[in-house]
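Q: Sharing a structure below in structure tokens format, with a few things to ask.
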Amino acid sequence: MLTLLVIFIVLALAGTGLTYVGLRGLLSRRVTIYSGRWLLALIALCFLPQLINGLKLLGSATSLAIINIILYLGIILVFWLVTKGHILFGVSEETATEALKAALDKLGVKHEQLLGSVKLEDGGIFQVSIQDWVGTMQLKPKNPAAYLRSAQLVAALAEHFSASTAPVRFMPYWIYAFCGGLLLASLLFLAALVVKHPGHRTPQQPKPNATACAQQQPAPPL
């Protein structure tokens, strides 16, 4: 019962979150920026049933339980390292590069654009990863000086895109909206199955009649 409840919660929250990201971009028709920690929280939520199953097996199958728990923690650690920084949806390589330069110029920060990164005059380094065909860009601070500049740079990027008339890549929004809708549809389908078949009742054994009882009784000794 607990596992089923967790599955319902995971489908509801993950489906709602993905649908929100997709519909927000499609309706606003603008580039949107999200912290990578939101993606980490989504991944942790999606793999939560595996952790719960591992905890439930601690008493009966300890080895399998430990493997599930270690796998869950390993997945969270990997995505914690991967999802640092911020993710921009709806950008192309051209618009992302232009926006990054405009934001840094507005902040009055001299910078040097390198291959896959941007180096600031104060020593801050941002890793820039652009997936042009998908329409996303990840901006990840690589040292303490970049972390100090991160909030200002993200705010400047958001301000730039709010006034920009550059074309927007809608592919990531369609992908997120489709995946979110699929999860919500799965939630409704699972809920319908639970309502239609709330549980399997154990069939009652027929009561033996008096004749059958009499036949089953041993004969008295002579």
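The numbers here are math on the coordinates, done by the rules we state, and not lab data. Model, not experiment: these values are computed from the prediction. Neighbour counts are summed over all protein chains in view; Cβ atoms, including those assigned to glycine, are modelled from backbone coordinates with ideal geometry.
Q: Filter the chain for me: DSSP H helices, axial length by Cα at least 15 angstrom, mean Kyte-Doolittle hydropathy not below 1.6. List them by residue number.
A: 2-28, 36-46, 62-82, 171-196
Q: If you take the charge dipole of the range 85-167 about its Cα centre, with +1 on Lys and Arg Cβ and -1 on Asp and Glu Cβ, which of H86, V128, L148 is farthest toward its positive end?
A: It is L148, whose Cα lies furthest towards the positive end.
Q: What percent does the relative contact order of the chain come to when contacts are Cα pairs within less than 8 Å and at least six residues apart?
A: For the chain, the relative contact order is 27 percent.
Q: Any chance you could list P(r) for the range 85-167, counting all Cα-Cα pairs in 10 angstrom bins from zero, rounded to whole %?
A: For the range 85-167, the binned pair fractions read 19, 59, 22, 1 percent.
Q: Taking the convex hull of the alpha carbon atoms in the range 30-108, what volume per residue do you get, in Å³?
A: Considering the Cα atoms of the range 30-108, their hull volume per residue is 97 Å³.
Q: In square nanometres, what is one fourth of the surface area of the convex hull spanned by the alpha carbons of the range 154-196?
A: Taking the Cα atoms of the range 154-196, their convex hull projects to 4.5 nm² on average.
Q: Right, next: At 37 °C and 0.692 mPa s, grab the translational diffusion coefficient of the chain from Stokes-Einstein with a Kirkwood Rh over Cα pairs, rounded to a whole number in µm² per second.
A: 153
Q: Can you check what the net charge comes to around V134, using other residues whose Cβ is under 14 Å from the Cβ of V134 (Lys, Arg +1; Asp, Glu -1)?
A: -1
Q: Under 19 Å between C-alpha atoms is the cut-off here; go through the chain and count lysine pairs that meet it, provided they're at least eight residues apart or on different chains.
A: Step by step, the pairs that qualify in the chain add up to 13.
Q: Here's something else I'd like to know. Rank H197, H160, H111 by mean-square fluctuation in a GNM of the chain with C-alpha springs under 10 angstrom and give only the top-ranked residue.
A: Greatest mean-square fluctuation among the candidates belongs to H197.
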